[in-house]
Amino acid sequence: MLFKKRKQYATGIEIGTSKICVVIAEVSEKCPFKVLGVGQSVSSGVRKGVIFNTEATIAEVRAAVADAENLANVSIGEVCVGITGGHIKSAFSVGEHMLESADGRVTEEDREDALKNAIECPPKEISESVLVLHRIKQQPLLDGQLEEPGLNARGRILTQPLYWIYGNRNQIWEPIKILQDLCLEPKYPVFNGFAASIALMDAEQRKKGGLIIDLGAGTTEFAFTHGGCIRYAGSLSIGGDHVSNDLALGLKLEIGVAENLKTFHGRAICDPQAKNALLPFKTPNGENKSVRFDYFQIIMELRLKEIFQIIRETLAEAGLQLGPDQGVMLCGGGACIQMISSLASSVFQAQSWPFCLNHLDGICDSLKKPEFATPIGLARYCASKMSRKTGGPLANVFSLKGLTGKRKERE
Amino acid sequence: MIEINPESQVSSNNVFEDKLNALVLGVGGAGAKIVNTLSLSACEGLEYIVLDSDVQSLRQVTHCETRQIGKKILRGFGTGASREVAQSIAEAEKDELRKLVGRYSLLYLIAGFGGGLGGGVAPVIAELAAEEGVFVIAISIFPFFCEGTDRSMRATRSQDEMTVHAHLHISLPNELLALQANENANFVELYESSNRMISDAVEGLWLSFFCPGPLALDLGLLRSTFGFREGKCVGTLAVASATGDSRVESLWETLLAHPWLKKGSLLRSAGTVLALFIGKDGFSLGDAEAFQRRIASENPGAKIMLGACTPAEFNSDELRIVLITHPRRTVRNEEKPAPIYGDKELVSLNEVSREMLEKKRPPTRNVPPPPALTNSQIDLLKSQMPYSGGRSKRGYNDPNQGFLDLKITSVGRFDQCEKTYYKNQPIDVPTYSRLGYILD
C-alpha cells in the first residue's frame, strides 16, 4: 500500500527573515495532500536567512507551530524545515559506468551503478564543514548523448551527472536544533528554492524548464529547472529588506515607514507619470510628510533589477539561459510588488509565468499567495517523503541509503 | 704665571669695594680635570678649587685645592649619573657651599653636564653665589653624541637650570670639536685643545679686569650687560691667536672657522658680542675699528663690546682674542625657530636636545597629500557626487575639496550584519548610491 491506513500529517516550516510560517497538511489515502492549517509569527532572530538569535527564534517558532496546530486541530510530528542563506552552494559530479551487458543495452543495474559512482565521487567542495542537502539526478548521458527516456538503449559508457546542493554544516543544523528543542522531528532539511519549485511547477512546466525565484525579505532563492529536474539552484543574501533599506537611506525615512511605503506603493518599474509627483505619508509621530515618488520608484527599480541581473549572471556563468519556451515564475513576498513580473521578464528576456498553485489539490484559495509558496512546497516535500516506504534523509542521519535502490519518483 | 700690575686695578665704577677676587671652581669629574689644567697657568688673583664626591677623581687633581662633597652619603663614590642625588647633596651642604663661594666677587663655574655631580651641584652653587652677589660665569661642557641620549637629556636639563642662575652661561659642546677634528683624533687630544681654549678664555676675561689697556672692560659692565634675569640664554666663546701684520684678518678667519662658533653662524646670530683683545703694544684703534666693522657687517644688529688689555708677559707680536657671543634676548615662553638641518648650517646640539624634549609626536608620514585636480576634473567629480546643491551643509559642494576614491557609506540596517559581496562589490550599499544616482 502506498499510504498507511492511519492519517499522517506533513508539516513544512519556513524560518524566514521577516516571518515564520508553518503549514500542516494531511497525507492520507483519500487525499495525498490537504492543507489543514497555517501558522505564522514575526521573525526577529533571523538576518539574511541565518539565525543569529536562537532564543527569540525558538519562541517565535513555538508560537507559529501552536497557531498551526490550533487551526489544524492536530499535533504534528515529522517536519520538513526550509534551509536558506548565502552559504548555500551547489556543484556537479559525474559518475561513469561501462555497460556490461553483451548487447550493449542499458539496464536498471547500469543506471544504479552509474548513480552509485556519481555519489561516491562527490565534488571537491564537499568537505567536513558542509552538509549536503540534496543530490539531484540529472539526465543521464549515453556515450555523450542524452539518453532516450526508455530502457533498452545501446551504448558503451553511461554517464550520470549528479547535482549537489550543500551548505554550511553549522548554519544548516541551527534550525534543526531549534525544532528538536521544541520536541519536533525535523526529518527533512530542504533548500527553499527546491521547495518553491516543487510547489509552483507542474510536471509540464518542469519538463519544459523554467526559473523559479523566491523573493524573500532577507534572501532570494532561485532554481532553474530543465528536463524535469533542477539544473541549477542558489541563494543570494539580498532581499526585500535591502529594498526597504535603500528607500530609508535614499529618502531619509525611518525603516518602518519605508517598509510600509514599499508594501503599499511599491513598484518595480518606474512610472513615467510619477515624475516630480509627491508621495504623501504619515510618520509614526503623526506628522504629514511626502517624498518624491519618482525617486521612490527609481530606488526600488534599481535594487530589484540588480537582484535579477545577479541571478542572470550567475546562470550565465553556469552556461544556462532561459529558452524561448521557458519562463520565470516569482514567489515570496517580493512577488507582490507591482510590475515585478514585467521587470523579471525584461531582465531575463523570457516570458513571465503568473504565480499559480492551482495544480495542487487541497489548498484553499486564501493560501494561494506567493508568500506561502515555499512553506507549502516544504509540506508537500514532506508528504512525498512520507508516502514512500523508506524514511527520508534525516531518518539515517543524512546517510546515502535514501537515494539508492529502487527508481524513485523524479524530484 | 702672569704677574698683575697692582696699578692696573679695576676702575672705580666697580660695584665691589673690596679687593677683586675670583674663584675658578671645577665641579665634578670633567670640571676637576679642566681646572686642574687651568691651574697650571695660574693667574694672580684667581683661586682654583675642585669640588667632587669621587675620591679617585680628586686624587688625580694635583695642582690645586680639592674639596670633597657628600662624604657622608656617597662615602667617596660618585653619584652614579644621578642629578637628583647630586642636587640633594648640594641642598644638604648648602651652607658650606655658600660660605665657599660667597667671599668672591667673580666665580668661574666649570662643570661637565650629562653626568651626576657636575650637572646637579653646579646650578645650585650658581644660585647660591648669585644670592651672595657674586658674578657667576658658568662654563659648561656638553657631552658627545656617542655618549648617548640619556646623557644629553640630563645635560640639557642642567643647562636650563644653570642658565637661570648664572649671569653668563657659556656652553661648549664637545661634538663641535669632534666635527672639526680628524677622524683618528683621540679623546685626549680633543680634551687638551678644549682645555687650552677654556684656559685662554678664563685667563683673558680675568686679565681684562686686572690689566690696563686701551679699552676698559670691567665687571660692572659685564653685570649690566649679562646680569638680567629674564630671557637669559646660553652663549658661547671662542679664542684665537694670531701674529704678524695681518693678524686682525687672521684672527677673523680663525674665528669664522672656529668650531664653537659653528663656523661663524653663532656670531652672525648673536645679540651681544664681547670681544676681548689681549696683546702688548701694537693693538691700535684702527685694528679695533676694523674688527668692529667686520662684526657689524656679519651681524648688523648685534651689540658689540670691545675690550683690550696689555699684560706684560705677552709677546709683542701676538694678538689674542676672546670672543663671547650671547644670543639675542628672548622671553622664555617664545617659541624658538626650528633648527635648520643641512650642510651649510650646523645644528646646535643644545637646540636639538631641547627640541627633542619639547617636540610633539609628528603626524604619520603615510598620509599622502590630497590630489591636485584640474577644473574639469573637479566638475566631473561634482557631477558624480551623490549629493549636490541643497546638501551644502555637508560641504560636498566645495570645489576645492579633494575627493577620495574610497567612500565610506552607511548601509543602514545592515551595519551590524555580516557584509554581502558580489564580485567584490558591497551589495548592502544602496544600489542607487553605487551606480552614482543623484537624488536631490
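Values quoted throughout were computed directly from the atomic coordinates according to the rules given, and no laboratory measurement underlies them. This is a predicted model, so every value here is computed, not measured. Neighbour counts run over all protein chains shown; Cβ positions are idealised from the backbone, glycine included.
Exposure proxy shown here: for A:Arg231, A:Arg169, the number of other Cβ atoms within 10 Å sets the order, fewest to most, as A:Arg169, A:Arg231.
Could you give log10 I(q)/I(0) at q = 0.09, 0.11 Å⁻¹ for segment A:207-356, computed by the Debye formula over C-alpha point scatterers of equal weight, without solvent? One equal scatterer on each Cα of segment A:207-356 leads to -0.30, -0.44. Which entries of A:Lys207/A:Lys369; A:Lys252/A:Lys305; A:Lys34/A:Lys207; A:Lys262/A:Lys305; A:Lys19/A:Lys275; A:Lys19/A:Lys177 show an alpha-carbon separation above 27 angstrom in the structure shown? Over 27 Å apart, Cα to Cα: A:Lys19/A:Lys275.
In this structure the amide hydrogen of B:Thr66, modeled in the peptide plane, comes within under 5 Å of the amide hydrogens of B:Val50, none closer than 5 places in sequence on its chain.
Given only helices, namely DSSP H runs of n ≥ 4 each adding -39500 (n - 2.57), what is the per-residue ellipticity at 222 nm of chain A, to the nearest 500 deg cm²/dmol?
It comes out at -10000 deg cm²/dmol, rounded to the nearest 500.
Once the chain from B:Glu96 to B:Ser410 is taken as fully extended at 0.36 nm per residue, the excess over their C-alpha distance is 105.6 nm.
Between A:Ile238 and A:Thr220, the built amide H atoms are under 5 Å apart, and every one of these is 5 or more places off in sequence or on another chain. Name all residues of segment A:182-210 having a backbone nitrogen under 16 Å from the label point set 7 Å from the Cα of A:Gln351 along its Cα→Cβ direction, giving them as ranges. Flagged as within label range: A:201-210.
Taking label positions 7 Å along the Cα-Cβ direction at both B:Ile438 and A:Lys368, the computed distance is 5.0 nm, reported to one decimal.
Legend: calculated FRET efficiency, B:Cys417 to A:Glu287, from the Cβ-Cβ distance at R0 = 35 Å, rounded to 0.05, equals 0.75.
A full extension of the chain between B:Thr62 and B:Ala257 corresponds to an added length of 66.8 nm, given 0.36 nm per residue minus the alpha carbon distance. Taken about its Cα centre, chain A carries a charge dipole of roughly 500 debye when the Cβ of each Lys and Arg holds +1 and the Cβ of each Asp and Glu holds -1. For the pair A:Val74 and A:Ala91, label points projected 7 Å from Cα toward Cβ lie 3.9 nm apart. One compactness figure for segment B:17-166 is 0.96, namely its Cα radius of gyration divided by 2.2 N^0.38 Å. Alpha carbon centre of segment A:128-207 versus segment A:280-349: separation in Å? If you average the Cα positions of each part, the centres end up 28 Å apart. Report the calculated FRET efficiency for B:Asp245 and B:Arg293 (r = Cβ-Cβ distance, R0 = 25 Å), to the nearest 0.05. In this case the efficiency is close to 0.85. Segment B:Phe187..B:Gln384, full-extension length gain: 64.0 nm, with 0.36 nm per residue of separation and the alpha-carbon distance subtracted. Close Lys pairs in segment B:17-166, defined as Cα atoms under 24 Å apart and 8 or more places apart or on different chains, number 9.
Annotation: the residues A:His242, B:His169, sorted from fewest to most other C-beta atoms within 10 Å of their own C-beta, follow the order B:His169, A:His242.
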